[in-house]
1. Can you tell me which residues in the range B:163-177 are more than 12 Å from chain A (Cβ to nearest Cβ) and under 18 Å from the mean Cα position of the chain (by Cα)?
2. Taking the range B:71-101 only, how many residues are under 30 Å from the mean Cα position of the chain (by Cα) and modelled with pLDDT under 60?
3. Tell me, which helices (runs of 4 or more DSSP H) wholly within the range A:41-124 include 2 or more residues that are of a type in the set (Lys, Arg)?
4. I want to confirm something. Restricting to the range B:227-243 and keeping residues that are in contact with a Leu (Cβ under 9 Å, 6 or more places away or on another chain) and buried (at least 20 other Cβ atoms within 10 Å of the Cβ), which single residue is nearest to B:Gly205 (Cα to Cα)?
5. Free of Cβ contacts under 8 Å to residues at least 60 places away in the same chain, among the charged types (D, E, K, R), in contact with an Asp or Glu (Cβ under 9 Å, 6 or more places away or on another chain) and surrounded by fewer than 22 Cβ atoms within 10 Å (Cβ to Cβ): is that true of A:Arg90 in this structure?
6. Would you confirm whether or not the range B:3-16 contains a residue that is in a helix (DSSP H, G or I), surrounded by 17 or more Cβ atoms within 10 Å (Cβ to Cβ) and modelled with pLDDT under 85?
7. Of everything in the range A:57-93 that's of a type in the set (Phe, Trp, Tyr) and in contact with a Leu (Cβ under 8 Å, 6 or more places away or on another chain), which residue is nearest to the other protein chains (Cβ to nearest Cβ)?
Amino acid sequence: MNKFLISNIARFVILVLLQVLILSNINFLGYINPYLYVFFILLLPLNLSQYKVIFFSFLIGLTIDTFEDSGGIHAAASVLIAYLRPSFLRFSFGISYEHQTVKFHQTPFAQRFSYISLLVFIHHLVLFSLEIFDVNFIVLLLKKTLFSSLFTILLILIVTGLFQQNKK
Amino acid sequence: MQQIINFLIRYKNTILFLFLFLLSIFFTIQTHSYHKSKFISSANFFTGGIYSWVNNLDMYFNLKEYNERLVDENKMLRENLAALKEVELDSVFTDTISYEEPYQFITAKVIANRYSKLDNFLLVNKGKLDSVATDYGVITSRGIVGIVDETSKNYARVISILNTNSAINVKLKRSDHFGTLTWNGKDPNIVQVEEIPRLAPVKKGDTIHTDGRSLIFPKGIPVGVVENFDLQSSQNYYEIDVRLFNDMTNIGYVYLIKNNNQEEIKNLDSNE
């Protein structure tokens, strides 16, 4: 349990710093930024009780909001995907999730990909809807959601790939 | 009673989720209204400290450009000074001890700059301890940057002109027609000026600068040049695109402006 705690706290700090100091300043083509901190929520232990998952997600979202002066948009999007996480785990990993035997790094690529991309896409959609908050900018909203989601998903897959090789 | 407790235990996740979600939505709505986003702000010792620490490192990469800007500014100020000497200086005598200067300037460094969202803020490294307060204007030697929105002990948050909530009084340099500076969220180098009446003679390349009536900025702070303008036959006002003099993606050092007469003028206005 202690090891879990330390590795999760370390992941929290590293992902927040990486996000606010580097990733939020990429502005590829003017507006495309990856939001890698979502990875923290995806990787929270699967047997962690649901209310803790929701609370930690709120915490990381609010931390990012404080750094970026964005009100509560990251917190809202993070809390929402934390709440939906069990349904998507069940959808993506099926019966093995029910028995709590899933190890994130050992799951088949297709299952992991669907889990990551669904949650990231929902997170970004909520995030940008709240950020823009204006029907006149609906095209910008969709463009931002689509391209930033692709960027984030790609980055998450690269990171999981790197860590998998270390484990072997 | 038992049933209520059972209900709460059974739905504790949903209740927690709804509570935190609504709290976040509340924070979000606050930021969408001007001057109300007091709860969540990067102007605190923790985030400000981290930003200024990192900024100390990457400042070195821009030093060359900031030096060039300083030399340019010095050149301009020297030219103004030389022009002043031509006029007889002693023809108007101001007793600077008994009369306060109308504007005071405080230098600061931008430690966090954002320009890719619709509502952008900057963070600068001067705060209440340096007597910075809300509603101070923020400029560079090239043009305007924004208005101070919130301060903590050592840091201040600035509403950038690249924020859809910002509205600043500006005018044409050639004539006295004034309008409002806004931003449509598209290009960080182009801002919009609204409400300039159709009588005004607008041409491409005209300079836009601040109007002295806003209590925040002194008259004549440069903003940009007219890049493009449009006048529909059914409309009474121009739609003008203005290319900023400032590079909003790389700001560096700024001046915060205090207007010493602000209180007095506000009191006069409220007496009406």
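The values are calculated or read from the model by the stated rules, or taken from the named source; none is laboratory data. All values derive from a computational prediction rather than experimental measurement. Here the Cβ positions follow ideal geometry from the backbone for every residue, glycine too, while neighbour counts run over all protein chains shown.
1. Keep residues of the range B:163-177 that are more than 12 Å from chain A (Cβ to nearest Cβ), which gives B:166-177.
Correct list: B:Ser166, B:Ala167, B:Ile168, B:Asn169, B:Val170, B:Lys171.
2. Total satisfying the criteria: 2.
3. Working: elements: A:50-68, A:73-93, A:95-98.
Counting at least 2 such residues, we get A:73-93.
4. Among them, the one singled out is B:Val242.
5. Working: free of Cβ contacts under 8 Å to residues at least 60 places away in the same chain: yes; among the charged types (D, E, K, R): yes; in contact with an Asp or Glu (Cβ under 9 Å, 6 or more places away or on another chain): yes; surrounded by fewer than 22 Cβ atoms within 10 Å (Cβ to Cβ): yes.
Considered against the rule, which asks whether it is free of Cβ contacts under 8 Å to residues at least 60 places away in the same chain, among the charged types (D, E, K, R), in contact with an Asp or Glu (Cβ under 9 Å, 6 or more places away or on another chain) and surrounded by fewer than 22 Cβ atoms within 10 Å (Cβ to Cβ), A:Arg90 comes out as yes.
6. Checked against the condition, which is being in a helix (DSSP H, G or I), surrounded by 17 or more Cβ atoms within 10 Å (Cβ to Cβ) and modelled with pLDDT under 85, the range B:3-16 yields no hits at all.
7. From the range A:57-93, those of a type in the set (Phe, Trp, Tyr) are A:58, A:67, A:83, A:88, A:91, A:93; that's our starting set.
The next check asks that each one be in contact with a Leu (Cβ under 8 Å, 6 or more places away or on another chain); those that pass are A:58, A:88, A:91.
On the way: A:Phe58: 5, A:Phe88: 15, A:Phe91: 18 Å.
The qualifying residue nearest to the other protein chains (Cβ to nearest Cβ) is A:Phe58.
This table checks each residue for (1) in contact with a Phe, Trp or Tyr (Cβ under 7 Å, 6 or more places away or on another chain); (2) surrounded by fewer than 21 Cβ atoms within 10 Å (Cβ to Cβ); (3) away from every other protein chain (no Cβ under 12 Å); (4) part of a strand (DSSP E or B).
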residue	(1), (2), (3), (4)
B:Phe105	yes, yes, yes, yes
B:Ile111	yes, no, no, yes
B:Lys117	no, no, no, no
B:Phe121	no, no, no, yes
B:Lys126	no, yes, yes, no
B:Gly146	no, no, yes, yes
B:Val158	yes, no, no, yes
